[in-house]
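**Student:** Supplied in structure tokens, the structure appears directly below.
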Amino acid sequence: MMEILDILVSPNFWAAALRIATPLIFGVLGALLCERAGVLNLGIEGIFTAGAMAGWMAAWLGAGLWGGVLVAALAGATFGLLHAVLTVPLGLSQHVSGIGVTLFATSLSYYAYRTALPDVTSPPRITAFQPLDIPVLSDLPFLGTVLFQQTALTMLALAMVVVVGFVLYRTPLGLAIRAVGDNPAAVEAQGLSVMALRMGTVVAGSALMALGGAFLTMSAFDAFFFGMVNGRGWICIALTVFASWRPGKALLGALLFGAFDAFQVRLQTEVGAFVPGQVFLMLPYLLSILALVMVARKADYPRAMLKPYFKGQR
Amino acid sequence: MSEPLPGRPHERKIVLSLAGITKRFGAMTANEAVDLDLHAGEIVALLGENGAGKTTLMNILFGHYVADEGEVRIVGPDGELVPLEPGSPHAALNAGIGMVHQHFALAENLTAFENIVLGTRPLLAPSTSSRADRQRLEALMRDSGLTVDLDLRVSRLSVGEQQRVEILKALYRDARVLVLDEPTAVLTPQESEGLFATLRQLADSGLAIVFISHKLAEVLSASDRVAVLRMGRKVADLPTAECDRQKLAELMVGHSLSQSRREPRAPGEVLLALEGVCAGSGREAVRDLSLALRSGEILGIAGVSGNGQAMFARLVSGLERATSGRILLAGRDVTAGDARAMIAAGLARIPEDRHRDGIVGAMSVAENLVIEEIRSARYQRLGFLDFGAIAARAREAIAAHDIRCRGGSAISRLLSGGNIQKIVLARTLDAEPAVVLAAQPSRGLDIGATGEVHRRLLAARARGAGVILISEDLDELFALSDRIAVIHRGHLTPARDAGELDRATVGLMMAGHAEEAA
């Protein structure tokens, strides 16, 4: 029991939770943007992979770390545009298109990696983003470790929570995005373009998702591995429901998952002798499902989600 | 072209002109060479049956559709008529056209205020509205009398309030032309009167108003001028003062109408009785329902949609179990009966949503015609379906009831609403049931199909069946019913002879003022 308490008050534990949460923050923000506009984006898993590969590759080719981040965002935006074209003007099934984008983006990323590096056995490494060292702030007790010794991408993720929240709730653009996911006819009747709004939001949301992938290869690790996204995209889809499509709650949900994950790693070292390791690996997912079950019953899906809209249609 | 009425100051100025509007959808022509002029300060009713092209015409005006031929011109800043960019709601809004859609174009997750300011500022502006915007809107509400709680989410507003938000949206954008598509479809009679009073006030302040309707009474009472569309063409455009019901109805359908008449008939024994029945919970609940339906009568149930009619219908048709009370059908206790038991006991059900509950859309006309009797020996041979007998029944029903389709094998969902209702009527009424439950049987149908529904309900009554007619249309209720009861928030008033009631009384009862009305 004491061991558990020790884990929970340790700053290293919370720093790890935030680190694990970072790609999820990007992913959930991206997914909730798309869904707020009425489009489910199951391309997320593939867009994560594409972002991870493209960002790392750009940095490895010498574009610099921030250059890599930009390239990752562009890669995400491109696959987002594909999904947007298929689902918005063409009105195809969002499930089918999304899964197709995931398969396509994942395979294309692996293909590009193998084509660029045909003979490599151990993945080449880049110099990844390093933990920040901000005078005074990074030296604060507890908070300094948890918040200010993270990498720049984690800071960016936290900033994006504020940005997405501001756009969604304070600007006319956000108002239009929230409206178009509830009743596109309302948006068209007020003279706005449903198609432009939905496509733009899906593209922007997909760029955010790709940053989650870029974090993996450029901050959490320093190389690209096959299978490294490992279901994080799908977790984001579930966390979006948990977050009731709100940026603040998205941060909370991602942190919760990060905390579960960090907790299981530490718990393993404490009681790993008695309990098989797989139980611990299962733990964050199990707890996420439980948390989801508790909130999802009241989930208030955007009313027009999954429904294609055609101009003038009643 | 009609002359504007004399006396009103604004009416001489044309603010909007549609010329030669033609719109085709594939082989169907929705509008053909329609001309229509609107003058400031007048209220024009656009009258026509379903499918006459009213909504299409207004959707062209508002830019939802692009006309194949013809031009819309609207008065510009310098008072001259200028062409309106086709196919752009944005351009229509900027030109001062406001549209209140039949199915409200409101985002329910936003507040009334957010819905009104949506799209009025550049998308990347740092805030959605200013205090000045808010004050301007509040002033508009005071002047127009259209009050609504701006900070409530639309999902929490009543239907009437949502309609006010829709009108405020147009006024907030300085609309000079206001188009309303079937604005009274969802309102109580009192709310409708209030709406038309507001529209008159807005017209007096210089707005040009068009409302789409197929209800003759409101067209006659609320408009200055009537334009009648029939099969996509404008067949009349004349001052309302020169019209009467008969004339408008004939213009609308293109031939003279013979009204179905309800012959006097002494009611017989009680066929269906509800005794203190409760069911459901929340907004859907019905409480303490009691009624006695007798042979040879039509019992009308009036009420604004959503006051428990759906639960009442489900209860009587055996789809919902009563939590207390008793239901007797032909003297037998059927409280615990399911839908099949009710059909077997002699109940026929004409469901409210004919597309969803009346037919199986993916199945053929023939299959839908026999689906309730599929277990009877008539359609079986050695335990297998007898397709010969089913096809024969389909041929007979299609011929007898003039169901317009390619034949018994046609897919049902592709038929028009009127023809789908004919399938439902043939299936339910041809078996001569003792009790008929008709829920909103003519909703969405045109005059011709409505007449057929009425004729068949009256025929059922004439042969001694008891008919429950649930309807929101008071004209229909008064034309058909021997007695009328009103349902409000799940409670049913005692049925009274239709002859003792008038529209105003029933309207008050529909709004929940049973005592004042009594």
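**Student:** Is there any pair linking a residue in segment A:242-253 that is in contact (Cβ under 8 Å) with a residue 60 or more places away in the chain and under 20 Å from A:R19 (Cβ atoms) to one that is open to solvent by 50 Å² or more (accessible area, probe 1.4 Å) and of a type outside the set (A, V, I, L, M), with Cβ under 7 Å and at least six apart or on different chains, and which?
**Tutor:** A:A243/A:K249
**Student:** Right, here's the next one. Is there a residue in segment A:156-175 that is within 14 Å of chain B (Cβ to nearest Cβ), more than 25 Å from A:L65 (Cα to Cα), touching a residue at least 40 places away in the same chain (Cβ under 8 Å) and open to solvent by less than 10 Å² (accessible area, probe 1.4 Å)?
**Tutor:** yes
**Student:** Residue check: is B:A341 open to solvent by less than 60 Å² (accessible area, probe 1.4 Å) and in the same structural domain as B:A460 (by TED's automatic domain parsing)?
**Tutor:** Yes.
**Student:** From the list A:G80, A:G51, exactly one residue is open to solvent by less than 10 Å² (accessible area, probe 1.4 Å), in contact (Cβ under 8 Å) with a residue 60 or more places away in the chain and out of contact with any Leu (no Cβ under 8 Å at 6 or more places or on another chain). Which is it?
**Tutor:** After ruling out the rest, the residue left standing is A:G80.
**Student:** Determine which member of the set A:G191, A:G200, A:G181 is surrounded by fewer than 24 Cβ atoms within 10 Å (Cβ to Cβ), within 10 Å of chain B (Cβ to nearest Cβ) and modelled with pLDDT of 95 or more.
**Tutor:** When all the criteria are applied, what remains is A:G200.
**Student:** Further question on the same structure: Select from segment B:315-371 the residues that are among the polar types (S, T, N, Q) and over 28 Å from B:G388 (Cβ atoms) and list them in ascending order.
**Tutor:** If the condition is that a residue be among the polar types (S, T, N, Q) and over 28 Å from B:G388 (Cβ atoms), then B:S317, B:T323, B:S324, B:T335 are the ones that fit.
**Student:** Then there is this: What number of residues within segment B:131-189 satisfy the criterion of being charged (D, E, K, R), within 14 Å of chain A (Cβ to nearest Cβ) and assigned to a loop (DSSP other than H, G, I, E, B)?
**Tutor:** Counting residues in segment B:131-189 that are charged (D, E, K, R), within 14 Å of chain A (Cβ to nearest Cβ) and assigned to a loop (DSSP other than H, G, I, E, B) gives 3.
**Student:** Given (1) within 12 Å of chain A (Cβ to nearest Cβ); (2) surrounded by fewer than 19 Cβ atoms within 10 Å (Cβ to Cβ); (3) at pLDDT 90 or above; (4) closer than 25 Å to B:H64 by Cα, where does B:Q102 come up short, assuming only one miss?
**Tutor:** Failed condition: (3).
This table checks each residue for (1) at pLDDT 90 or above; (2) closer than 20 Å to B:G300 by Cα; (3) open to solvent by less than 20 Å² (accessible area, probe 1.4 Å); (4) part of a strand (DSSP E or B).
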| site | (1), (2), (3), (4) |
| --- | --- |
| B:S221 | yes, no, no, no |
| B:A236 | yes, no, yes, yes |
| B:A241 | yes, no, no, no |
| B:R261 | no, yes, no, no |
| B:P264 | no, yes, no, no |
| B:V277 | yes, yes, yes, yes |
| B:R287 | yes, yes, no, yes |
| B:S290 | yes, yes, no, yes |
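**Student:** Considering (1) crowded, with 19+ Cβ neighbours inside 10 Å; (2) among the hydrophobic types (A, V, I, L, M, F, W, C); (3) touching a residue at least 40 places away in the same chain (Cβ under 8 Å), say which one B:A330 fails and leave the rest.
**Tutor:** Unmet condition: (1).
**Student:** Kindly indicate whether A:L290 is part of a helix (DSSP H, G or I) and either in contact with a Leu (Cβ under 9 Å, 6 or more places away or on another chain) or more than 16 Å from A:G30 (Cα to Cα) (or both).
**Tutor:** When the stated conditions are applied, A:L290 passes them.
**Student:** With respect to the numbered conditions (1) without any contact (Cβ under 8 Å) to a residue 40 or more places away in the chain; (2) within 23 Å of the chain's Cα centre (by Cα), which one is the sole condition not fulfilled by B:D133?
**Tutor:** (2)
**Student:** Can you confirm whether A:G67 is buried (at least 22 other Cβ atoms within 10 Å of the Cβ), part of a helix (DSSP H, G or I) and modelled with pLDDT of 95 or more?
**Tutor:** Criteria not met by A:G67.
**Student:** Please verify whether B:D78 is without any contact (Cβ under 8 Å) to a residue 24 or more places away in the chain, surrounded by 15 or more Cβ atoms within 10 Å (Cβ to Cβ) and of a type in the set (D, E), treating the condition exactly as stated.
**Tutor:** Spelling it out, it is not the case that B:D78 is without any contact (Cβ under 8 Å) to a residue 24 or more places away in the chain, surrounded by 15 or more Cβ atoms within 10 Å (Cβ to Cβ) and of a type in the set (D, E).
**Student:** Now for a different question. Could you check, for segment B:173-180, whether at least one of its residues is without any contact (Cβ under 8 Å) to a residue 40 or more places away in the chain, touching a Leu at 6+ places or on another chain (Cβ under 7 Å) and surrounded by 21 or more Cβ atoms within 10 Å (Cβ to Cβ)?
**Tutor:** no
**Student:** Please verify whether segment A:256-264 includes one or more residues that are in a helix (DSSP H, G or I), closer than 30 Å to A:L92 by Cα and in contact (Cβ under 8 Å) with a residue 60 or more places away in the chain.
**Tutor:** The answer is no; no qualifying residue exists.
The values are calculated or read from the model by the stated rules, or taken from the named source; none is laboratory data. All values reported here derive from a predicted model rather than from experimental measurement. Cβ atoms come from the backbone with ideal geometry, glycine included; neighbour counts cover every protein chain shown. The area values use the complete protein model at the heavy-atom level, side chains included, leaving out ligands, DNA and RNA. Shrake-Rupley method; radii C 1.70, N 1.55, O 1.52, S 1.80 Å.
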